[in-house]
1. For residues that are open to solvent by 50 Å² or more (accessible area, probe 1.4 Å) and in a strand (DSSP E or B), scanning just the stretch 84-121, find the one that is modelled with the highest pLDDT.
2. How many residues are among the polar types (S, T, N, Q), over 20 Å from G169 (Cα atoms) and within 26 Å of the chain's Cα centre (by Cα) if we restrict to the stretch 40-80?
3. Under 6 Å by Cβ, and 6 or more places apart or on different chains, what pairs join a residue from the stretch 109-126 that is without any contact (Cβ under 8 Å) to a residue 24 or more places away in the chain and within 23 Å of V83 (Cβ to Cβ) with one that is outside any loop (DSSP other than H, G, I, E, B) and among the β-branched types (V, I, T)?
4. Among the residues of the stretch 122-158 satisfying the criterion of being among the hydroxyl-bearing types (S, T, Y) and open to solvent by 30 Å² or more (accessible area, probe 1.4 Å), which is farthest from the chain's Cα centre (by Cα)?
5. I'm trying to understand the selection: among the residues of the stretch 144-197, which are basic (K, R) and not in a strand (DSSP E or B)?
6. With respect to A138, determine if the residue is of a type outside the set (S, T, N, Q), assigned to a helix (DSSP H, G or I) and either at pLDDT 85 or above or touching a Ser or Thr at 6+ places or on another chain (Cβ under 9 Å) (or both).
7. Mind listing just one residue for me: the one in the stretch 160-177 that is open to solvent by 30 Å² or more (accessible area, probe 1.4 Å) and among the polar types (S, T, N, Q) and, of those, farthest from K110 (Cα to Cα)?
8. Name the single residue, out of those in the stretch 71-83 being open to solvent by 100 Å² or more (accessible area, probe 1.4 Å) and not charged (D, E, K, R), that is nearest to N163 (Cα to Cα).
Amino acid sequence: REIEPLAGLLRTALNVAVLQPADAAAGEEMFPLVDASLPFILLVVSGVGLMAVLARELQLRSVLLRQIGMLRETEQELQSSTVDLLEALPVPVLVSGSDGSVRYANYAAKDLAASPHGDIDTDALVATVRQHIGVLGAGQSVTRRFPVGNGNGSLRDLSVRANCIWLFGGSAQVYVLSDTTLLRDTELRAMNAGKLA
């Protein structure tokens, strides 16, 4: 209903222009001739301006995409370097996600988590460590020492330094473990020797 008058006007214009070309005077009365050069020039200028804005926007976006790509490559290189560094460490290092899943374990940690049967269960080791350490907040660090079952009935004494940091693209708890069983046994022997003395 709203565009019905426009439809009527267009029908009349078509009749004047196509069906009755001889009656040009009536068409000129309905649609007087105006100089269309100024609107055309404005249309061209605005089109050129829009194209320039779009070209600049595309250029900025391509620069941003290149920078994002370079940052991703740098992040991947840093992660690879971090893994290489952690693998080279002689101490066991475990990286756990906020949900408790093992995100990384170096060779020394896998050796520590190996059972007498040769199975490697880093999940159980992380669960035990989390049970004694708890969940840490961002930037928090804790050191604990506690006994852990060895799988063959004996107890192992572990010292754990835990840190909550941003690693591998997310918040992670990093556990640096050391087997202090020999130190514990030496301390117990020294205490027993002191008692005997």
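The values are calculated or read from the model by the stated rules, or taken from the named source; none is laboratory data. Here the structure is a predicted model, which is why all the values come from computation and not from measurement. Glycine also receives a Cβ, built like all others from the backbone with ideal geometry; neighbour counts cover every protein chain displayed. With ligands, DNA and RNA removed, areas are computed over all heavy atoms of the protein, side chains included. Shrake-Rupley method; radii C 1.70, N 1.55, O 1.52, S 1.80 Å.
1. Applying the filter and picking the extreme gives R103.
2. Qualifying residue count for the region: 2.
3. Listed by first residue and then by second, the contacts come to K110/I120; A113/I120; A113/T122; A114/I120; D123/V102.
4. Of everything passing the filter in the stretch 122-158, S154 is farthest from the chain's Cα centre (by Cα).
5. Answer for the stretch 144-197, where residues must be basic (K, R) and not in a strand (DSSP E or B): R184, R189, K195.
6. no
7. If we take residues in the stretch 160-177 being open to solvent by 30 Å² or more (accessible area, probe 1.4 Å) and among the polar types (S, T, N, Q), then S171 is farthest from K110 (Cα to Cα).
8. L78
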